[in-house]
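I have placed the structure first, in the form of structure tokens, so that the comments after it can refer back to it.
The values are calculated or read from the model by the stated rules, or taken from the named source; none is laboratory data. The model shown is predicted, which means the values in this text are computed figures rather than measured ones. All Cβ positions, even for glycine, are placed from backbone atoms using ideal geometry, and neighbour counts span all protein chains on display.
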Amino acid sequence: MKIMKSVLRRRTFLSGAFAVGLAAAAPFGTASAQEPIKVGLVAALSGQSAKSGEAITRGLSIAIDEINAAGGINGRKIELISRDDESNPGKGLLAARELVQREKVAAMFGGLDTPVSLAIVPFANQSKVPFVGVWAAGTNITRNGAADNYVFRVSAVDAYVGEALVDYAIKHGAKKPGMILINNPWGESNEHALHDALKKHNMTAAGVEKFQDADVDVVPQLTRLKQAGADTLFLVANVAPSSQVVKSLERMGWNVPIVSHWGPAGGRFTELAGPRSADVHFIQTFLFSDKQSAKANDVLAKLKAKYPAIKTLADVTPAVGIANAYDAMHLVGLALKKAGSTDGKAVRDALLAIDKYDGLIKTYEKPFTAQNHDALGPKDYVFAHFVKGEILPLTQ
């Protein structure tokens, strides 16, 4: 009798487990279709870079609104779950773990900082949950050496940015450029990229100087570059440290051209850097403008409707965060539809199988392949600078 009860209990347990397993792996058209599909965001949502985190959130939200208004993913709405990493790698990794293990997100979007993204990459690959970068540009985020790579990106890539910065500087007269780089993995990534790009032009750097996030005086490093004969500076740092470089140059009275990665675009740069902020020329992947595509006009109108604080083009700074995130969310949406489930491997394989998407930044043709998980390349950059708080394009 005890044996029979044990067998019955075991059969009941197995039947329940089998049913749960079917529910978890079931296609979108089942009874679970009413449950939302969760996607996660790990980004700096507070501090000096909060404006960039806000832009990413807005880009994802507009794309999610569009997907949901069109019927969702085979009847299921998408829900965004956000976590603030405070630009801290340890907090970013904990946030990613929570999103995957507790919230059961189908995909994650990464935020601003290369060190934070690099901390998440091994976990994303181990968990087999697609992780799509929408800002951080460190080359080895996507080129991470994993045999089974779940990391993608719709953003700038340092290896390509190095080429763009060098080409731009040479076009504007640079013959002996120097580097002033933040002392972290992002700075290291760009140091390699800039050296490689300079070699293609048979050039070498006048010097390479590093500085810390919290440094308020960079005059010693800049003085060494000036004494080495640097005629242009390549700058790589986020908002606050970039502003310290500009203020240090002003104290020195050194009016050297500054060609920068897009770090200054990520927050209150004009306020922090002062009047010389307009002298910094930096890359972007997208700019809203007076002359833009119908799609850009439509997205801008939706931004103004959803976020009443947006009145003018100056209020959508930084546009790259919005545009990168918007296109990334739509690409993930296409993958979810193609996969027919939220299984990580199925979604990853579906991202690789996307043929075409008419996006905000460009029309993507085979945006991802097994060999290349970066949807944007060196031809997708424009140069810009700040004018009265607004990011405006520069003639290249």
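Looking at segment 1-106, the helices (runs of 4 or more DSSP H) lying wholly inside it that each contain 2 or more residues that are modelled with pLDDT of 95 or more and surrounded by 15 or more Cβ atoms within 10 Å (Cβ to Cβ) sit at 50-69, 89-101. Within segment 311-323, the set of residues being crowded, with 17+ Cβ neighbours inside 10 Å and not polar (S, T, N, Q) comprises Leu313, Val316, Pro318, Ala319, Val320, Gly321, Ile322, Ala323. Just to be sure before I move on: is Leu313 touching a strand residue (DSSP E or B) at 6+ places or on another chain (Cβ under 7 Å), among the aliphatic types (A, V, I, L, M) and under 20 Å from Glu79 (Cβ atoms) in the structure I sent? So Leu313 does not fit the description; no. When Ala273, Ala237 are checked against the criterion of being over 18 Å from Gly207 (Cα atoms) and not acidic (Asp, Glu), Ala273 stands alone in meeting it. Out of segment 55-79, which residues are closer than 20 Å to Leu360 by Cα and without any contact (Cβ under 8 Å) to a residue 60 or more places away in the chain? Correct list: Asn68, Ala69, Ala70, Gly72. Taken together, Val347, Val382, Val332 contain a single residue that is surrounded by fewer than 17 Cβ atoms within 10 Å (Cβ to Cβ), touching a Pro at 6+ places or on another chain (Cβ under 9 Å) and of a type in the set (A, V, I, L, M), which is Val382. For residues that are out of contact with any Gly (no Cβ under 6 Å at 6 or more places or on another chain) and within 20 Å of Ala323 (Cβ to Cβ), scanning just segment 112-129, find the one that is modelled with the highest pLDDT. Restricting to residues being out of contact with any Gly (no Cβ under 6 Å at 6 or more places or on another chain) and within 20 Å of Ala323 (Cβ to Cβ), the top hit is Asp113. In segment 355-376, the qualifying residues are those that are charged (D, E, K, R) and part of a loop (DSSP other than H, G, I, E, B), and the one that is nearest to Asn125 (Cα to Cα) is Lys366. Filtered by the rule that a residue be in contact (Cβ under 8 Å) with a residue 60 or more places away in the chain and part of a helix (DSSP H, G or I), segment 167-206 gives Tyr168, Ala169, Lys171, Pro185, Trp186, Ser189, Asn190. For Thr369, are the conditions met, namely being among the β-branched types (Val, Ile, Thr), out of contact with any His (no Cβ under 8 Å at 6 or more places or on another chain) and more than 15 Å from Val129 (Cβ to Cβ)? Yes.
Of all residues in segment 130-155, those satisfying the criterion of being crowded, with 24+ Cβ neighbours inside 10 Å, part of a loop (DSSP other than H, G, I, E, B) and among the aliphatic types (A, V, I, L, M) are Val134, Ala136, Ala137, Val154.
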